[in-house]
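Read through the structure below, which is laid out as structure tokens, and then see the notes.
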């Protein structure tokens, strides 16, 4: 071994020697700082419960009222098909269409069905019967779903009548297209299954970015950074020493969310745990580098907290596809959405958890995240050296 | 040939158009206590930060412990101790944990850390309190713990940036005993302060104003070199009125009030004594006594800063 090699090895062992005390110190401080502990533990737990239960995108038990002017056996049978579908809760029979408006105004029902007087007469004479459906459009997603349900129910009922008529002419078993739709990956169309991966991304983004930036800015604020500066600790050692503890904690948080999601919502991981671990680590690195960037801009914990929340929560909420589908955004917003690594991580997460597919399905996303981490970490480290070190 | 722990050669720092430190050159001998004096914003901290290799100089060089601050900043950092005016240990860690952390950072072995910990706890009077959270300790104890942590690795050179600001007089005295102890062990101490009575404890002092060195030397030398004219201390019934009277006279070079006393700088002591007695008795001011005094550092600095102001005008 040459002299230069030995010198390099000596430097490396020295570096490792200094890294360990930084990591140890950081864990001690996290344990003692109630605020950081809360961000790291309560926030993920709260978010999971809140989003898992409250943010239920499933449309069920739709409160419905009916104004039946026809009052025939046919109209009753038609109304009954709503109730038996399982999606509608029959609230009451109305005596005027004005009553329907009043109930909708008060948000006591989501939808009203009005059946005209000639409903059974027209059906009996092979004429097309009109029905009116009033839907509360305040929540446009829900309204669209309700209209969809009503259409299916009306269609099925029409089909029944058509079949009856065909039977009369001896062609009762003829159906032109037999639809057998199967929804893959999330067969019960449960929102929780769709939301949990998004939630993991959301939680990681928030905890990693906020906690890292706070821990560094706290050192600036309390002047301990000056003591670190005059010590032989290099800025690279400090950055790594700060990142490792928060990476570990973020990974634990992700694991907790996954376990909780299994017990609370029955979400299982279909794909490879190793892939899940690696991609999550990559995303955590991206989040930590954003946190590092924030710490080079902010000088007080207050500013750091706000900035970190802004830089993590907002883009993750809006642009990651966590809640709003990116494909329905205007083209320029779709381009803007690329600023958040969460968008790419979510695609990977959903692929692994829901589809169980391998790297071949999401390697472009992995490459994007690698580029993001390299760029952001490089930029932050450079700024860090200038402003902090 | 005496060895120099610190050699500074034309060190300069600009912040944009503002020149914080302007071609400063000086040397500090091994094992001496070197005082660095100046008003706030005079450039003391900027100079120290450059010597500690945490701030790059705009031009000029310095060698600290034999290492170039610009070329070998890591070497400089390994060989110095630093303590700032603001407490900079981790308040949320215990005394033990702070000592362990800095011990490891400077590469001490477990045995060395234990040995030094004993010394620090003894020195800072913290025996039995090593498990206390540092933030809960009183100010004076904290400062001494900070000094202890700064010299854990037994550096040959220690920088103390206003170490005693915000510390009560008793603690300040104890702190200086520690500084003397370090110096006795051969450690070079560069300390900034704005307490002039503290400057008297230094082997050498340097006064800096607007980024430039105004005077360097031992307290004795400074008093002898800059105050050549006698200073008379006058105690009388109405100090303010007496000052306005004496100020007008052609033989008084400078007058200033020090509490209930009047200090008058005069070229001819005998003449001045006679004249002061005459003027005061004319105005009915009762005179207690007139004494010739040895000038204090404060007299020296007031004189020097006055000269600077006159030069600038």
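All of the numbers you see were taken from the coordinates with simple rules; none came from a lab. These numbers were taken from a predicted model, which means no experiment stands behind them. Note: ideal-geometry Cβ built from the backbone for every residue, glycine included; neighbour counts use all protein chains shown.
Descriptive notes on the structure:
- The orientation-averaged projected area of the convex hull spanned by the Cα atoms of the stretch A:192-338 comes to 10.1 nm².
- Mean projected area (nm²) of the alpha-carbon convex hull when the stretch B:185-313 is viewed from all directions: 9.5 nm²
- Cut-off 18 Å (backbone N to label point 7 Å along Cα→Cβ of residue B:220), residues of the stretch B:286-313: B:294-298, B:300
- Where only alpha carbons of chain A are counted, the Rg and the Dmax (Å): 29.2, 103
- Restricting the calculation to Cα atoms, the stretch A:62-168 yields a radius of gyration followed by a Dmax of 14.0, 46 Å.
- With Cα atoms, 0 to 90° folded angle of helix B:239-248 axis to chain B main axis: 70 degrees
- Virtual spin-label span in nm between residue A:240 and residue A:35, 7 Å along Cα→Cβ: 3.0 nm
- Length available on full extension from residue A:90 to residue A:122: 0.36 nm per residue minus the Cα-Cα distance, which gives 9.0 nm.
- Estimated distance in nm for a label pair at residue A:24 and residue A:156, the labels positioned 7 Å out from Cα along Cα-to-Cβ: 6.7 nm
- Antiparallel beta bridges, as assigned by DSSP with both residues in the stretch B:4-218, represent about 55 percent of the total such bridges.
- Inter-centroid distance (Cα atoms) of the stretch B:205-262 relative to the stretch B:1-68, Å: 29 Å
- Using alpha-carbon coordinates, inclination of helix A:363-387 to the longest axis of chain A, degrees: 40 degrees
- Long-range tail of P(r) for the stretch B:228-294 (Cα pairs > 16 Å, %): 34 percent
- GNM top mover of B:113, B:54, B:293 - chain B, alpha-carbon springs below 10 Å: B:293
- Within chain A, helix-based [θ] at 222 nm, where runs of 4 or more DSSP H residues each add -39,500 (n - 2.57), nearest 500: -22500 deg cm²/dmol
- Antiparallel %, DSSP beta bridges [both residues in the stretch A:62-168], to 5: 30 percent
- With R₀ fixed at 51 Å, the C-beta to C-beta distance from residue A:140 to residue A:259 puts the FRET efficiency at about 0.90.
- Cα gyration tensor shape of the stretch A:251-321, rounded if a/c is under 1.5, else prolate or oblate by comparing a/b with b/c: prolate
- Which of B:218, B:88, B:59 has the fewest Cβ neighbours within 10 Å, and the rest in rising order: B:59, B:218, B:88
- Mean Cα-pair separation over length for the stretch A:321-389, i.e. relative contact order, pairs under 8 Å, 6 or more apart, %: 25 percent
- DSSP beta bridges in the protein assembly as shown [antiparallel fraction, %, rounded to 5]: 60 percent
- Fully extending the segment from residue B:165 to residue B:311, taken as 0.36 nm per residue of separation minus the present Cα-Cα distance, adds 49.4 nm.
- Å³ per residue enclosed by the Cα convex hull of the stretch A:59-118: 67 Å³
- For chain A, modelled as a GNM whose springs connect Cα atoms under 10 angstrom apart, the maximal fluctuation among A:128, A:100, A:154 occurs at A:128.
- Average Cα contact separation per residue, the stretch A:233-312, under 8 Å, 6 or more apart, as relative contact order %: 28 percent
- Principal-axis tilt of helix B:269-282 within chain B, Cα atoms, nearest 10 degrees: 60 degrees
- Cα-only radius of gyration and Dmax that characterise the stretch B:4-218, units Å: 17.0, 52
- The reciprocal of the average 1/r between distinct C-alpha atoms defines the Kirkwood hydrodynamic radius, which for the protein assembly as shown equals 32.5 Å.
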